[in-house]
Amino acid sequence: MANLSVNFAGVTFKNPIVPASGAFGFGREYEELYPLSTLGGISTKGTTLEPRNGNPAPRIAETPSGMLNSVGLQNPGIDSFLEHEVPYLATKDTRIIANIAGSTIEDCVETARRIEGSAVDMIELNISCPNVKEGGVAFGVNCNSAQTITEAVRNVTTKPLMVKLSPNVTSITDIAKAVEAGGADAVSLINTLLGMKIDINTRRPILRNNVGGLSGPAVFPVAVRMVWQVANSVSIPVCGMGGVSTWKDAVEMMLAGASLVQIGAALFDTPFAPMKIIDGLNQYLDDNKIENINDIIGKVQPW
Amino acid sequence: MKYTQGNYRIVKKENLAKNCYDFTIACPEIAEIAQAGQFAHVKINGFSLRRPISICEVDKENGTIRIVFEIRGEGTKALADCNENTLIDIIAPLGNGFTLLDSSKKAIVIGGGIGVPPMVEVAKHYRKNATAIIGFRSANAVILNEDFDSLGANVMLCTDDGTMGQKGYVTTALATRLEQETADIIYACGPHLMLKGIIELANKYNIRCEVSLEERMGCGVGACLVCACKTVKDGKEYFAHVCKDGPVFDSKEVIL
Ligand SMILES: Cc1cc2nc3c(=O)[nH]c(=O)nc-3n(C[C@H](O)[C@H](O)[C@H](O)COP(=O)(O)OP(=O)(O)OC[C@H]3O[C@@H](n4cnc5c(N)ncnc54)[C@H](O)[C@@H]3O)c2cc1C
Ligand SMILES: Cc1cc2nc3c(=O)[nH]c(=O)nc-3n(C[C@H](O)[C@H](O)[C@H](O)COP(=O)(O)O)c2cc1C
Ligand code: FES
């Protein structure tokens, strides 16, 4: 068996497969099916300073090869996360990536500050949620604000800091460079693409929020392109996601330049997706006589 | 919560009414633990989201569960095309089922339309102590009435247009039933308007009541938080999740 372990921004992951924030809760529900220790890490549900209720339902709509969601960052708040979820996850022998968000820079800073000293392995600062009115994507679509918020959070945490980017921008490489300049240790991409679905009989959008974030296989080629572009324009590592559902997708994502791969919507259809992808990666490496998974990262040979 | 995911064989397929199908699925480990009111999350080839369908009946001895569903859109249409002996991918049993009291208690189970199936397993628990009030638009949509009959339940069948059973809504039948005799518990599943009427009557007569709710789902297991529904807990409004906190809720907790 090949070596699947990767060092990502100074943190060692036993394998590069990580369930994406929002699709996996805090891990408890999926532990009914497989031990969390088999995963490289877990990116936990986006957490804010105060608890949030999120948007009204319906919060999900099916689309060709994908889905739209408008959860709107429902979460129990950072204190509850630190008290109830982190100690539990800390016993699971997997890496904990705390995904955080906020309406203001101050909120994000305070949230990150409270994580200091906990068992969290890495912070993933979400500046790209399309489903909340304030904050969220507002920080992620402008280079100045993306850099400013990254710097502010950087100043209060010693944890490795990964910033999660939005695909809903003109130039994702400019945003990636801005957060690198702001002191980010890594970037993750992509968050969902803003989309809409209308019921032609009622003439109403399916989502109560009218619009929502598109994810699933439909966004995969966009995600691969963006990961490739970003990996070639920054020197910090890239965590890739968006429509990864099979081991082949994971290989593609890694060839494009991702050293960690997150799995979101695929879990709904196939809860065992992370396990299947880890097995498939092993097989692919063995079949190709590659001993170390790091040897495929960024190894696409563009024309 | 303990659930499994797997490919299970459809051992029996029946067409109960126009656009309404009944599958018996061999899945011993699910049948072993499934309870009335829980649901299965069914994967349909070609669709990205699974479809939640209530467990209609559980046969622990034969290791099977039964699901009854109506063609509502593309997904359920494709599901209806599955035949006996094909394997279907389900995650089950999911959610919290109905609270079953001692079977000597008097229970009223109420289903409206495609809300009727989950009531069969409840009625099976109370048998002759159950009153099943089931309502449909018209005679050609009536399903499962014989199942309740054969369980020994007292069946009150209603149709909106009076083409079968008594004419009118299940709420009218419930009001009549409660004037004659009280009950220890009421269980209901169906459209919101129907549930509202039932909850009002349950409150008026001060009878414990549980209702099963629906919401669009992603994961089905409580992780993605898409299936939110408004509820009250300790006097405070909060978003619960139909898949994990429900689908069955105490009527005192729901906001319809
Ligand atoms: C807990 C629970 C138990 C259910 N039990 C039954 C049952 O026993 N029998 C039965 O016939 N139906 C039941 N339903 C409703 C059933 O899930 C929907 O009718 C079905 O998902 C519609 O799918 P579709 O592809 O035909 O429709 P489409 O409209 O094409 O579906 C598109 C999307 O919307 C979702 N959706 C559409 N309508 C509903 C709905 N009413 N509830 C939830 N999601 C919906 C689908 O799951 C899918 O993701 C239940 C729903 C829930 C939540
Ligand atoms: C239901 C749902 C909830 C999500 N919630 C969050 C969140 O809280 N924070 C975040 O950074 N991303 C969130 N996302 C985005 C995912 O983490 C991921 O970036 C996106 O879905 C693309 O990956 P996928 O195609 O594999 O789903 C959410 C996605 C879904 C589907
Ligand atoms: S469907 Fe995912 S939490 Fe209910």
key: Subset of the stretch B:45-56 [buried (at least 21 other Cβ atoms within 10 Å of the Cβ) and within 12 Å of another protein chain (Cβ to nearest Cβ)]   = B:S48, B:L49, B:R50, B:R51, B:P52
query = Can you pull out the residues in the stretch B:237-253 that are more than 14 Å from ligand 2 (Cβ to nearest atom), open to solvent by less than 20 Å² (accessible area, probe 1.4 Å) and not aromatic (F, W, Y)?
reply = B:A240, B:V242, B:G246, B:P247, B:V248, B:S251
task = Only one of these is on the phi > 0 side of the Ramachandran plot and within 14 Å of chain B (Cβ to nearest Cβ): A:G264, A:G243, A:G257. Name it.
result = A:G243
query = Within the stretch B:2-19, can you find the residues that are surrounded by 15 or more Cβ atoms within 10 Å (Cβ to Cβ) and within 12 Å of chain A (Cβ to nearest Cβ)?
reply = B:Y3, B:T4, B:Q5
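Could we say that B:G165 is within 16 Å of B:V109 (Cβ to Cβ), open to solvent by 10 Å² or more (accessible area, probe 1.4 Å) and in contact with a Ser or Thr (Cβ under 7 Å, 6 or more places away or on another chain) here?
Spelling it out, B:G165 is indeed within 16 Å of B:V109 (Cβ to Cβ), open to solvent by 10 Å² or more (accessible area, probe 1.4 Å) and in contact with a Ser or Thr (Cβ under 7 Å, 6 or more places away or on another chain).
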Number of positions in the stretch A:193-225 that are under 13 Å from A:S166 (Cβ atoms) and within 16 Å of ligand 3 (Cβ to nearest atom) = 2
remark   = Turns out the helices (runs of 4 or more DSSP H) fully within the stretch B:140-250 with at least 1 residues that are over 22 Å from B:G37 (Cβ atoms) are B:170-180, B:192-204
request  = Could you tell me which of the residues A:L207, A:L214 is open to solvent by less than 30 Å² (accessible area, probe 1.4 Å), touching a residue at least 24 places away in the same chain (Cβ under 8 Å) and outside any helix (DSSP H, G or I)?
outcome  = A:L207
ask   = Taking the stretch B:237-256, which residues are within 11 Å of another protein chain (Cβ to nearest Cβ) and without any contact (Cβ under 8 Å) to a residue 40 or more places away in the chain?
value = B:E237, B:Y238, B:F239, B:A240, B:H241
remark   = A:N55 passes all but one of the listed conditions (1) under 27 Å from B:Y3 (Cα atoms); (2) within 12 Å of chain B (Cβ to nearest Cβ); (3) over 17 Å from the mean Cα position of the chain (by Cα); the exception is number (1)
Yes/no for B:T182 being open to solvent by 70 Å² or more (accessible area, probe 1.4 Å), touching a Phe, Trp or Tyr at 6+ places or on another chain (Cβ under 7 Å) and under 16 Å from B:I108 (Cβ atoms) = yes
request  = Scan the stretch B:1-58 residue by residue and report those that are in contact (Cβ under 8 Å) with a residue 12 or more places away in the chain and of a type in the set (D, E).
outcome  = B:D22, B:E29, B:E32, B:E57
request  = From (1) more than 29 Å from A:V153 (Cβ to Cβ); (2) at pLDDT 95 or above; (3) among the charged types (D, E, K, R), pick out the condition that doesn't hold for A:R59.
outcome  = (1)
ask   = Among (1) in contact (Cβ under 8 Å) with a residue 60 or more places away in the chain; (2) under 17 Å from B:I185 (Cα atoms), which single condition is B:G115 missing?
value = (2)
query = Only one of (1) more than 7 Å from ligand 1 (Cβ to nearest atom); (2) closer than 19 Å to B:V11 by Cα is not met by B:S54, so which one is it?
reply = (1)
remark   = From the option list B:L174, B:L195, B:L157, single residue qualifying as over 20 Å from B:L256 (Cα atoms) and either open to solvent by 70 Å² or more (accessible area, probe 1.4 Å) or not polar (S, T, N, Q) (or both) is B:L157
message = So, B:E210, is that one at pLDDT below 95, more than 16 Å from ligand 3 (Cβ to nearest atom) and on the phi < 0 side of the Ramachandran plot or not?
response = no
ask   = What number of residues in the stretch B:1-37 are touching a helix residue (DSSP H, G or I) at 6+ places or on another chain (Cβ under 7 Å), part of a loop (DSSP other than H, G, I, E, B) and over 23 Å from A:P35 (Cα atoms)?
value = 3
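Condition check ((1) within 16 Å of ligand 2 (Cβ to nearest atom); (2) free of Cβ contacts under 8 Å to residues at least 60 places away in the same chain; (3) within 13 Å of chain A (Cβ to nearest Cβ); (4) not basic (K, R)) across all residues:
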| position | (1), (2), (3), (4) |
| --- | --- |
| B:H192 | no, no, yes, yes |
| B:K196 | no, no, no, no |
| B:I199 | no, yes, no, yes |
| B:K204 | no, yes, no, no |
| B:R208 | no, yes, no, no |
| B:V211 | no, yes, no, yes |
| B:M217 | yes, no, yes, yes |
| B:V221 | yes, no, yes, yes |
| B:K233 | no, yes, yes, no |
inquiry  = With the requirement that a residue be farther than 19 Å from B:G190 by Cβ and open to solvent by 10 Å² or more (accessible area, probe 1.4 Å), what does the stretch B:209-236 give you?
reply    = B:G222, B:L225, B:V232, B:K233, B:D234, B:G235, B:K236
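The values are calculated or read from the model by the stated rules, or taken from the named source; none is laboratory data. Keep in mind that this is a model prediction, so the values were computed, not measured. With ideal geometry, Cβ positions are generated from the backbone for all residues, glycine too; neighbour counts draw on all protein chains shown. Just so you know, the surface numbers come from the protein's heavy atoms only, side chains and all, with ligands and any DNA or RNA stripped out. Shrake-Rupley method; radii C 1.70, N 1.55, O 1.52, S 1.80 Å.
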